[in-house]
Amino acid sequence: MTPRIEPPLMGEPYLLTPGPLTTSAAVKQAMLRDWGSWDGDFRAMTAEMRKRLVAMLGTGGDACDCVPMQGSGTFAVEAMLGSLVPRDGKALVLANGAYGKRSAEVLRYLGRDVEVLDKGDYLPPRGAEVAGILARDPAITHVVAVHCETSSGILNPVEEIAEAVASAGRRLLIDSMSAFGAIDLPPETVPCDALVSSANKCIEGVPGFGFVLARRDALDAAKGNAASLSLDLHAQWAHMEKTGQWRFTPPTHAVAAFLEALRAHEAEGGVAGRGARYARNRDVMVAGMRDLGFETLLEARWLSPIIVTFFCPADPRFVFDRFYDLMKRKGFIIYPGKLTVVDSFRIGCIGQMDEHVMRRVVVAAKEALTEMGVASAAPPAEALQERAKLAA
């Protein structure tokens, strides 16, 4: 029997968010020592981190390398897009939420030619749609896809998207910010030039840097593309290959914490083990919330093990801000919704949590509804009509 995960060391609330997330005591402990950024010990830490991340790609990963990048996940996304999409290139961005739209905004800031396939709040971009657009527009050189769009919690069909892009002879870039480490993305079956993720997501480190896992030939070809000194992915890679060091001051404590998190990830069974725990978290929590009368935005086939969107109840006594405060008092910080058509909220499944914690989340939600005087958690009719569009 799998042992229960220890609760937060300081008694702080669980972060039911898609990152930053609840981390282990060992990860926190790893940040209590100072490291010299130029010292050989820290260079060895950087080398181990890069090697471990490439190994997580699985079959086909030997053609790739890892380039960590200081800053938030969006810094790493911008470094990937600004370095790997050439200045005379054109990108097709597949958007079904805030993060696809953000990639399009980044590309516009960088002066790149952009086309957006906007699917709205949550409908998935499909391979046939992508193939059609690429056939009509030979100027498109790159396609940008979001693996798990946490605006809704949808797990996008990257396999069929990758197949369409490869068949058209174009290049794919994947924002796997909230999925890498818990959901397989092997280069052999999902060919792409690069994917990007962050330390404070499924590997359960702390904020401070992101990383790009890219084909070496794509990194080689990226020289001179970037319009930013600090976000030049090729320059960062070339410097690390030559010196073993980061070009500018690295987040040393975050790297130390991340190495501890990587070792724990391996001990849990790698991507398969971590993904299985998150999927169990999701299944237990969703079943319990549905028993209370809540409805999910997405049908089961589209639910990611990362974060789940629930419709707000139609009962006028349900006020999200009040629900949020009550859940926080009970030890759980949840996430506001991002849908534009109907009111919603989100509950994350990732971080140092297991199914026992998720059962407590359901109990807390039940108690919060009672305290608010909400008789039914059922959503308004228009919410279910909106969901029906996904099944159509």
Just want to confirm a number: the relative contact order over the chain, from Cα pairs under 8 angstrom separated by 6+ residues, in percent.
23
Dipole moment magnitude, nearest 20 debye, the range 186-262 about Cα centre, only Lys, Arg, Asp, Glu C-beta charged:
200
How large is the dipole of the chain about the Cα centre if only Lys and Arg carry +1 and Asp and Glu carry -1, each at its Cβ, rounded to the nearest 20 debye?
360
Model label zone, T189; criterion: amide N under 20 Å from point 7 Å along Cα-to-beta-carbon; scope the range 35-63:
54-63
Solvent-accessible ranking of D118, D291, largest area first, probe 1.4 Å:
D291, D118
Amide proton proximity set for A314, modelled H, under 5 Å, gap of 5+
A378
Rounded to the nearest 0.05, what FRET efficiency is calculated for D321 and A381 with R0 set to 22 Å and r the Cβ-Cβ distance?
0.40
Between the Cα axis of helix 233-243 and the main Cα principal axis of the chain, the angle (0 to 90°, nearest 10) is 60
Local net charge near Y324, Cβ-Cβ under 12 Å (Lys/Arg +1, Asp/Glu -1)
+3
What does the convex hull of the Cα atoms of the chain come to per residue, in Å³, rounded to a whole number?
131
Heavy-atom accessible area of F42, protein chains in place, probe 1.4 angstrom, given in Å² to nearest 10, is 0
I want to make sure I understand the PRE zone here: with the label point 7 angstrom from the Cα of R87 toward its beta carbon, which residues in the range 225-239 have backbone N atoms less than 17 Å away?
225-235
Give me the aspartates and glutamates in straight-line cross-link reach of K338: C-alpha distance below 15 Å, same-chain residues under 8 apart excluded.
D121, E149, D321, E386
Label A26 and D283 with points 7 Å out from Cα along Cα→Cβ: what is the distance between them in nm?
2.5
Expected unfolding gain across F248-A272 under the 0.36 nm per residue rule, minus the alpha-carbon gap, is 5.2 nm
Length gain on complete extension for the stretch Y109 to D343, per 0.36 nm per residue less the alpha carbon to alpha carbon distance?
81.2 nm
At a Förster distance of 22 Å, what's the computed FRET efficiency of L390 paired with A314, Cβ-Cβ distance as r, to 0.05?
0.65
For S167 paired with D354, estimate the spin-label separation in nm (one decimal), with each label point 7 Å from Cα along the Cα-to-Cβ line.
4.4
Label-point separation, A221 to T370 (7 Å along Cα→Cβ), nm:
6.1
Roughly how big is the range 1-102's charge dipole about its Cα centre, with Cβ charges of +1 (Lys, Arg) and -1 (Asp, Glu), in debye to the nearest 20?
300
Aspartates and glutamates whose Cα lies under 12 Å from that of K366, excluding same-chain neighbours fewer than 8 positions away
D291
Using only Cα atoms, find the angle between the long axis of helix 355-372 and the longest principal axis of the chain, and express it within 0 to 90 degrees, rounded to the nearest 10.
50
When the charge dipole of the chain is computed with +1 at the Cβ of Lys and Arg and -1 at the Cβ of Asp and Glu, the Cα pointing farthest to the positive end, of G348, F180, G331, is that of G331
So how tilted is helix 381-391 from the main axis of the chain? Cα-based, degrees 0 to 90, rounded to 10.
40
Nearest 0.05, what FRET efficiency do R290 and E6 give at R0 = 35 Å with Cβ-Cβ as r?
0.75
Sorting R359, R317, R136 by accessible area (1.4 Å probe), largest first, what list results?
R136, R317, R359
At 1.4 Å probe size, what's the solvent-accessible area of D354? Round to the nearest 10 Å².
20
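The values are calculated or read from the model by the stated rules, or taken from the named source; none is laboratory data. All figures in this text were calculated on a predicted structure; none of them were measured in a lab. Every residue, glycine among them, receives a Cβ derived from its backbone with ideal geometry; neighbour counts consider all protein chains shown. Heads up: the accessible areas ignore ligands, DNA and RNA and are worked out on the full protein's heavy atoms, side chains in. Shrake-Rupley method; radii C 1.70, N 1.55, O 1.52, S 1.80 Å.
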